[in-house]
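S.K.: The structure follows.
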Amino acid sequence: MFMKGILLVNLGSPRSTSVPDVREYLDEFLMDEKVIDYRWFFRALLVQGIILNTRPAKSAEAYKTVWTDEGSPLIVITQKIQKKLQKLVDVPVEIGMRYAQPSIEAGIQKLVDQGVTEIVLFPLYPQYAMSTTETVIEKAEEVRKKKFPGIKINYVQPFYNREIYTDCLAESIREKLPENFDALQFSYHGVPERHIYKTDPTNTCNLNDCCSRENNPSHQFCYRHQCFDVTNSVIKKLGLPKEKVMVTFQSRLGKDKWMEPYTDETLETIGKKGIKNLAIVCPAFVSDCLETLEEISVEGKHQFEHGGGENFHYIPCLNDEDRWIDVVKTLCEEKLNEFYFV
Ligand SMILES: C=CC1=C(C)c2cc3[nH]c(cc4nc(cc5[nH]c(cc1n2)c(C)c5CCC(=O)O)C(CCC(=O)O)=C4C)c(C)c3C=C
Ligand SMILES: [Fe+2]
Ligand SMILES: [Fe+2]
């Protein structure tokens with residue numbers, strides 16, 4: 001007998017805000033070679049020899065400012081999505097995190113315990129990146145082969161260009177935009193430029209105008225293009241002129257060259273250029289997390305005000321909005337229905 005189920009996968013958070021728990025989480029996360037893509041020796045030297053000496057204490061302080069009584073916002077919101085989706089579909093829905101707990105393996109185990117043999121796994125990232133979608137699929141395949149060789153997994157693909165998603169995002173932003181704003185900033189999580197070159201099998205992306213072209217063979221694997229594409233779709237639907245819109249990249253780490261322009265540097269300077277009222281949204285994330293609630297809403301606001309800005313308006317992620325749950329349901333159902341052909 002075949003039985004289907006859904007696994008929603010998000011990035012994951014530390015178990016608690018204690019420094020040892022944050023260190024353990026960062027160790028697993030940053031030692032992933034799809035996140036820091038150096039050879040093992042150099043990655044270990046950088047992560048375990050340098051980053052883990054100072055970053056856990058700093059990150060733990062940041063996590064404390066966003067942590068709720070129920071736990072990490074990212075996990076709590078993913079659980080809320082799970083519960084709402086479960087009410088709409090008649091197959092079991094579980095969650096799994098790429099790093100820390102509940103793990104992808106634990107999520108699959110829960111489904112298997114309920115008799116599931118065919119899983120739709122949904123990486124909750126709108127855009128493709130080596131450090132997100134690709135590492136989730138690689139991990140899930142590793143777990144499947146080792147622990148659950150009898151089950152099938154069908155993966156929901158990046159959905160940045162799906163009209164149901166961009167409609168949903170545009171509506172969500174429209175409702176939350178303040179009445180007066182000089183600019184709307186789209187701040188996406190950054191990645192090192194090297195990641196984009198590395199994952200372009202067509203060798204046709206040079207991180208230049210090609211990313212904004214209507215057609216380029218690299219688009220399917222180009223995170224930069226996919227960020228621009230989401231932005232363009234949304235601003236068209238909102239009827240916003242391009243001059244009122246900025247795209248920037250946040251959360252860089254280390255000395256590599258990451259995609260530019262950087263969110264923090266932009267926030268420090270735009271006030272002086274006359275942008276006094278700013279709205280900002282972060283569509284690389286479907287759920288609010290440390291990187292939106294602390295890095296943007298708190299640190300970003302300070303940077304903007306420090307640079308002469310006056311009104312800073314953070315637009316929350318889709319989180320557990322009903323219209324977004326409907327999109328999740330549709331994207332999962334498409335893949336559930338494909339099982340016959342997988
Ligand atoms: C080389 C480092 C990193 C890459 C590449 C990277 C890509 C990337 N990350 C997200 C989504 C999230 N990242 C989050 C936190 C976070 N990210 C990094 C580093 C890289 N991310 C670090 C070190 C951290 C931990 C916190 C910190 O110390 O600053 C989170 C939030 C997790 C939470 O618990 O709330 C998310 C979500 C994407 C989408 C992405 C590439 C596109
Ligand atoms: Fe590109
Ligand atoms: Fe990250």
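The values are calculated or read from the model by the stated rules, or taken from the named source; none is laboratory data. This structure is a prediction, so every number in the text was calculated from the model and none was measured. In this analysis, Cβ positions are derived from the backbone assuming ideal geometry, glycine residues included, and neighbour counts consider all displayed protein chains.
S.K.: Name the residue that is nearest to P73 (Cα to Cα), counting only residues in the range 1-59 that are of a type in the set (K, R) and within 12 Å of ligand 1 (Cβ to nearest atom).
M.R.: Result: R15.
S.K.: Among the residues of the range 95-111, is there at least one that is part of a loop (DSSP other than H, G, I, E, B) and away from ligand 3 (no atom under 16 Å from the Cβ)?
M.R.: yes
S.K.: Would you please name the residue that is nearest to ligand 2 (Cβ to nearest atom), looking only at residues in the range 111-142 that are farther than 18 Å from C332 by Cα and either at pLDDT below 95 or touching a Pro at 6+ places or on another chain (Cβ under 7 Å) (or both)?
M.R.: T132
S.K.: Which condition from (1) more than 16 Å from ligand 2 (Cβ to nearest atom); (2) crowded, with 20+ Cβ neighbours inside 10 Å; (3) aliphatic (A, V, I, L, M) is the one that I151 breaks?
M.R.: (2)
S.K.: Which residue, of G107, G71, G96, is more than 17 Å from the chain's Cα centre (by Cα) and touching a residue at least 60 places away in the same chain (Cβ under 8 Å)?
M.R.: Matching residue, one of G107, G71, G96: G107.
S.K.: From K145, K176, K237, grab the single residue that is surrounded by fewer than 21 Cβ atoms within 10 Å (Cβ to Cβ), closer than 26 Å to K335 by Cβ and within 23 Å of the chain's Cα centre (by Cα).
M.R.: K237
S.K.: Among (1) farther than 18 Å from F29 by Cα; (2) touching a strand residue (DSSP E or B) at 6+ places or on another chain (Cβ under 7 Å), which single condition is F148 missing?
M.R.: Of the numbered conditions (1) farther than 18 Å from F29 by Cα; (2) touching a strand residue (DSSP E or B) at 6+ places or on another chain (Cβ under 7 Å), the odd one out for F148 is (2).
S.K.: Would you list the helices (runs of 4 or more DSSP H) that sit entirely within the range 245-330 and hold 2 or more residues that are more than 16 Å from ligand 2 (Cβ to nearest atom), at pLDDT 95 or above and in contact with an Asp or Glu (Cβ under 9 Å, 6 or more places away or on another chain)?
M.R.: 263-270, 301-306
S.K.: Which of the residues that make up the range 203-231 are in contact with a Pro (Cβ under 7 Å, 6 or more places away or on another chain) and near ligand 2 (Cβ under 10 Å from one of its atoms)? Quick ask: steps written out before the conclusion?
M.R.: The first filter runs over the range 203-231 and keeps only residues in contact with a Pro (Cβ under 7 Å, 6 or more places away or on another chain), leaving 204, 221, 226, 230.
T204, F221, Q226 - these are the residues of the range 203-231 that are in contact with a Pro (Cβ under 7 Å, 6 or more places away or on another chain) and near ligand 2 (Cβ under 10 Å from one of its atoms).
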